[in-house]
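> My questions will all concern the structure given below.
All of the numbers you see were taken from the coordinates with simple rules; none came from a lab. Note that this is a predicted model, so its numbers are computed, not measured.
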Amino acid sequence: MKIVSLSTFLLCALGGLAQQVHIVSPAPNTRIVSGQPFTATVAIASTTSSVDVIALVFGAKFINPQAPETVELGQTRLTTLVAPTFPIGGPTGMQQNVQLTFPVDLITGLNTTYNLTCGEFFTLGAENTPLTLTSQVPVFVASP
């Protein structure tokens, strides 16, 4: 029997109630050419909780098949949105389009698969509990 601390349990429960941002597009395994801008769409579902999104941070994380999967944002930060709004309604919730570009000099090289990551920093509830969640989708980053 595993013993889970109360704080871990509450953090998981609060995270489950939160408005988690998730990447709608690009679709998994989309081919993206480095150096060329593309549009990523993120969506946030409605919730009964009070949630204030502080920032969204987009990154590129090299997928290493020999390493365990992590929730980090990656080695390369693509952009940061502070106090983002979600003006577009859609079937997956309120949406925001973001223009991103993978650099042509990625540290781990091109013509390989990366996770496009989105870190959401937000406060939850009446006490404004600070939390963070990540979303990611694999994309193939090609040389120009």
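> Name the residues whose placed amide hydrogens come within less than 5 Å of the amide hydrogen of ALA55, ignoring near sequence neighbours (fewer than 5 apart) on the same chain.
Amide H neighbours of ALA55, under 5 Å, 5+ apart: ALA83, PHE121.
> Considering amide H positions built from the backbone, and no H for Pro or chain starts, which residues 5 or more places from PHE102, or on another chain, come under 5 Å of its amide H?
Long-range HN contacts for PHE102: GLY35, GLN36.
> Residues with amide H under 5 Å of LEU78's amide H, sequence separation 5 or more or different chain, H placed in the peptide plane at 1.01 Å from N; which?
Here PHE58, GLY59, ALA60 satisfy the definition.
> Step through the residues of the range 118-133 one at a time and calculate ³J(HN,Hα) from phi using the Karplus curve (6.51 cos²θ - 1.76 cosθ + 1.60, θ = phi - 60°), rounding each to whole Hz and writing x for Gly and Pro.
9, x, 10, 10, 8, 10, 10, x, 5, 8, 6, 5, x, 9, 9, 9
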